[in-house]
Amino acid sequence: MSVFPYPEISKEELEELHQLVQPVEKFFNEDVDSKKIDHEAVIPPETLNGLKELGLFGIQVPEEYGGLGLSNTMYARLGEITSLDGAIAVTLAAHQAIGLKGILIAGNDAQKAKYLPKLATGEHIAAFCLTEPGSGSDAASIQTRATLTEDGKHFLLNGTKFWISNGGWADIMTVFARTEVVDKDGQKKDKITAFIVERAFGGVTSGKPEDKLGIRGSNTCEITFEDTKVPIENVIGEVGGGFKVAMNILNNGRFSMGSAGAGMIKRLIELTSEYAGTRKQFNRSLSEFGMIQDKFATMALNAFVMESMAYLTAGMMDRPGVPDCSLEAAMVKVFSSEGSWTCVSEALQVLGGLGFTKNYPYERYLRDCRILQIFEGTNEILRMYIALTGMQYAGKILTGKIKEMKKGNVGVVFEILGKKLKDLVVKTVDFGLTGKDGVVHPSLTESAKMFEQNAAHFGSTVESLLYRYGKTIVDEQLVLKKVADVLINLYAMTAVLSRTSRSISIGLRSHDHEVLLTNTFCKDAHFKNNFLLTQLQKKDNDANIKKIAQEVLAKRAYVCSHPLDRTF
Amino acid sequence: MNAPRQLLRIQCIGCIARFLGTPIQRMILPTGAHLQTPGSQHNYGQLLRPFHCSAVCSTSRPSQTQLEKTVEDETLNKDKGLVTHDDLFERAARDTKTKADFNRVVDVFSKKDIRRRGHVEFIYAALKKMPEFGVERDITVYNKLLDVFPKEVLMPRNFIQRMFNHYPRQQECGVQLLEQMENYGIMPNVETKVLLAQIFGEKSHPMRKYQRIMYWFPKFKHANPFPIPHVLPSDPVELARFSLTRIADDLDAKITIYQYPSTDITETGEEVMRPHIVGIQSPNQRSLLAKHNPCRPVFVEGPFPLWLRKTCVHYYLLRADPIPSEEKVEEEFDPEMIGLEQSLFYPQRLELDLERDMGDDFSFDVDDVEEGPVYAMCMAGQGDQVTLSQWISGLQETCPILGQIPTVFRLESGPRELQTTSDAQQTPEQEVETDQIIEEEPLHSQRVKQ
């Protein structure tokens, strides 16, 4: 998988995309009343019908089954528009990105032919049922059981799932339950299996919709299965192979959060700059004040980076074969969810008190944004995943060398000392990004050099971390958090460098602005990375933080005496 | 507060008197603020007389209470025998000794003699008698006692007196009073400071001691992270609840009262005392117990003492022996659940061959001893097998596995009175029993009767 050049789509595909995008944009601008949806916590049926007619319920379903059959890149592009209303975006995503994805990627032809057509047109709505009251991030503690009946033709499903998006309306559900499997050794083990469950099978009851802070239009509720009969033809993949199916589904849907966030921020920039340009205080318009300008720059930078990362990842996923982009998708998700939250907050801040009222959409955007950091894998879990995947990969390569170092092999020690001295004296790192045959455009040389420097420093830091902790680094979450942050910044820098190089080379409109954004972002990210890497070299507060947390949690209260207390 | 204002007044008047050029001979009395003018020096023999002028005592005699009569008797009947100040306190209250009685004695002494003769011995006697009257922790009583000292008399008036330990006995007495305050851990008042300044002056030994107390005591006040209140609950169930939470130190642990103390009368007319049984168990202990192997026994051990200041309570444990390392079963990790390609939750283990470096390896701790699990604790009114079996059956309701695990009672005989020789001859056979150790009771301790 190469990151340079930036992935492109052909001219025909781009034309087709434009044809699709226009009516969708029109629909969202005119026929979607987000305020009413948020207030009444329900999406009106006319809106749903409109979405169905536009084909938005089967964007990635192949055309033979009645869907639009679009690629990941185009799905991301449409995601930019649907994100204008959070509830609708989540409903659609729950339906297709996770709900029917299971059938799409792991189902056999019979299942596809049976279910996909109706799902693509939106006649049936899909939902993804994995989370339970006792298992949110820890999917290995699922309690829902599926037992085989005596005739061996059905499974009886028993259990409860909750926080299921579209749970109240869904007709087809992808349910994950434990089944008893006899493995090769003859031992009986519990493994997870994925089932396609129709509401028509009976025994499926939905609870009442949850009253949520944001995305109130989306229906989230509890689903209980009581002896639901599922025919064995409805098993997705094989019995006991549900875990891999779940992982593939979840990995596939994450990247679109980048473009969704970017779309929302672009819209916010339009609305907010309108306000900032017209409102006057102290005889000057708001847009002339430095702090307001700072906010707009933040919003622009975030949107730029988010869409670069999202489309880079989508492009990589669209390459032939089935490339595993789960790591990149996770990085996109973490960056976008946190970036969107800060940007919406800043936009609200520009409007001040007005932004706080319900008359303006900012508070709705803020509330809808909060869920981004929680669903589809909480950011904490994903950071651990990002860091540990990297560590595993690096560990395999570095194990030999580290073991030699620990044994105290004199030759190796001298070699390392020599390298350290050389690094102190001569500070050039060259990975070949810039220069005569470099892939990065010469205007971005400085940013590219900063990136290379960060990457080299990061490499040596990872080595020292593995030396210090070995495989017990799994327990050092504070260290891994910093590692993950550095990785996300590095990937973001790569994405922007790649995109801007392409823009300059082909001469896109406003490519000089892109150069400006890239250089700014890379400089900021460079400093942040340096700070994180310095902290990782033992100069951090982790031990103190852990100690504070231990004392507070032991008492389950604030520990200090009140400042006004006296002893005599 | 009157005391600071009085201090201020004294200082002002001292200044004024010096300004006026007259020696400060006539001083302000503690009660009332009469200032004898310099011109009336020839008023001897009257009611108000300055302390440090020796003169014949001729006080008038208003009506006296019984106590005052006793005090009078004591001073007038000196030749009849030595009557100590201690007897004053004895005679003041024979049955119940209260703070009011104590205060009364001190008042009588203060009012009896304007010169406060023998105040040093009186204060020493009072300090000794304080615990009997139960006022040893009361700062107001100490201040009242300090008030017995005559004011202004004991202060040094020039640098020579300051150098040479002016009024050494009185200063030592003041220091002893503060020492007793310090021993009982009582923080002095601002009133104490004012009194000490009035009595001894700023650079005296008692004042120095007060300053030292006030330096250290605030620092030590909250030094104990698990303080025991001075007044413990008297109800045995409440006391048991307090001590069990103290031992467990776990916010999740829950107390269950299996039986309240009560007395039943059976058909035969006998009284059956049912003791209290209070148990504690946390959810972690419950899950550990659920995982206990039924082939291994659990032991009920006890009683173990727990001292709370001067009271000793006893508790019993339900524990098991640690599993020898050969038999420990490692939880198997399902490689599919905790592998590496999953992203719903991050990999729980890395497939690497690298261990932790020595500099970051904090796994060894000398205090970390491998011990068997403790499943529950309880406190009971009687430490016999019947009561504790009741506890176990109560526990069984929440931990059904106890029904299958063999329970062994390893009880030691609880605290008993020290046997005299006659009792020892009568019951030698009771002493020979397996698994029992006779405990000797240390004297001078108050215990909750088991």
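Taking a cut-off of 27 Å between Cα atoms, list the lysines near A:K188, but don't count ones fewer than 8 places away on the same chain.
Hits, sequence-local ones excluded: A:K153, A:K161, A:K229, A:K244, B:K291, B:K328.
Under 18 Å between C-alpha atoms is the cut-off here; go through the stretch B:82-221 and count lysine pairs that meet it, provided they're at least eight residues apart or on different chains.
For the stretch B:82-221, qualifying lysine pairs total 19.
May I ask for the distance between the Cα centers of the stretch A:376-392 and the stretch A:180-199, given as a whole number of Å?
About 27 Å separates the Cα centre of the stretch A:376-392 from the one of the stretch A:180-199.
In whole Hz, what ³J(HN,Hα) sequence does the stretch A:392-400 give by Karplus (6.51, -1.76, 1.60; θ = phi - 60°), x for Gly and Pro?
Listing the rounded values in order: 4, 5, 5, x, 4, 6, 8, 3, x Hz.
Counting other beta carbons within 10 Å of each Cβ, put A:E16, B:E271 in order, fewest first.
Fewest-to-most Cβ neighbours within 10 Å comes out as B:E271, A:E16.
Average partner chain C-beta neighbours within 10 Å, per residue of A:471-479?
Per residue, the average neighbour count from other chains is 4.
Provide the three semi-axes, in whole Å and in decreasing order, of the ellipsoid equivalent to the stretch A:239-387 as defined by the square roots of 5 times the Cα gyration tensor eigenvalues.
So the equivalent ellipsoid measures 36, 15, 11 Å along its semi-axes.
Hey, could you grab the Kirkwood Rh for the stretch A:331-396? Inverse mean 1/r over distinct alpha carbon pairs, Å, one decimal.
13.4
Based on alpha-carbon centroids, what's the gap between the stretch A:271-332 and the stretch A:139-160 in Å, whole number please?
So the two Cα centres are separated by 45 Å.
Using only Cα atoms, locate the centre of the stretch A:23-63 and the centre of the stretch A:508-551, then give the distance between them in Å, rounded to an integer.
Computed from Cα coordinates, the inter-centre distance equals 39 Å.
Please list A:372-382, B:152-162 highest first by mean number of surrounding beta-carbon atoms within 10 Å per residue.
A:372-382, B:152-162
Pop out the Kirkwood hydrodynamic radius of chain A from its pairwise C-alpha distances, inverse of mean 1/r, in Å to one decimal.
Mean inverse Cα-Cα distance, inverted, gives 26.1 Å.
Suppose a student asked you for the relative contact order of the stretch A:11-121, using Cα pairs under 8 Å spaced at least 6 residues apart; what percent would you report?
Computed over the stretch A:11-121, the figure is 28 percent.
I want to verify the translational diffusion coefficient of the stretch A:126-241 in µm²/s; compute it with Stokes-Einstein, Rh as the Kirkwood radius over Cα pairs, at 4 °C and 1.567 mPa s.
Rounded, D is 89 µm²/s.
List the relative contact order of the stretch B:121-261 as a percent without decimals, with contacts defined as Cα pairs under 8 Å and 6+ residues apart.
Across the stretch B:121-261, relative contact order equals 23 percent.
Of A:D565, B:D353, how do they rank once you tally other Cβ atoms within 10 Å and put the fewest first?
Ascending Cβ contact count within 10 Å gives the list A:D565, B:D353.
Over the alpha carbons of the stretch B:82-221, what is the largest minus smallest coordinate on each principal axis, giving the biggest first in Å?
49, 38, 22
For B:E355, enumerate residues with amide H under 5 Å from its amide H, sequence gap 5+ or separate chain, H modeled in the peptide plane.
For B:E355, the qualifying residues are A:K471.
How high is the relative contact order of chain A? Use alpha-carbon pairs under 8 Å, at least six apart in sequence, and give a whole percent.
Relative contact order, chain A: 12 percent.
Using the 10 angstrom Cβ neighbour count as an exposure proxy, how do B:Y167, B:Y375 rank, fewest first?
Result, fewest neighbours first: B:Y167, B:Y375.
Applying the Karplus parametrisation 6.51 cos²θ - 1.76 cosθ + 1.60 with θ = phi - 60° to the phi angles of the stretch A:469-478, what ³J(HN,Hα) value in whole Hz is obtained for each residue in order, glycine and proline being reported as x?
Per residue, the Karplus-derived 3J(HN,Hα) values read 10, x, 7, 7, 5, 4, 8, 9, 5, 5 Hz.
Eight or more residues apart or on different chains, and alpha-carbon atoms under 24 Å: count the Lys pairs in the stretch A:11-121 matching that.
Close lysine pairs under the 24 Å cut-off: 13.
Only the coordinates and a few stated rules stand behind these numbers; no lab work does. In this text, all values refer to a predicted model and were calculated from it rather than measured experimentally. Note that each Cβ is placed from the backbone with ideal geometry, even for glycine, and that neighbours are counted across all protein chains shown.
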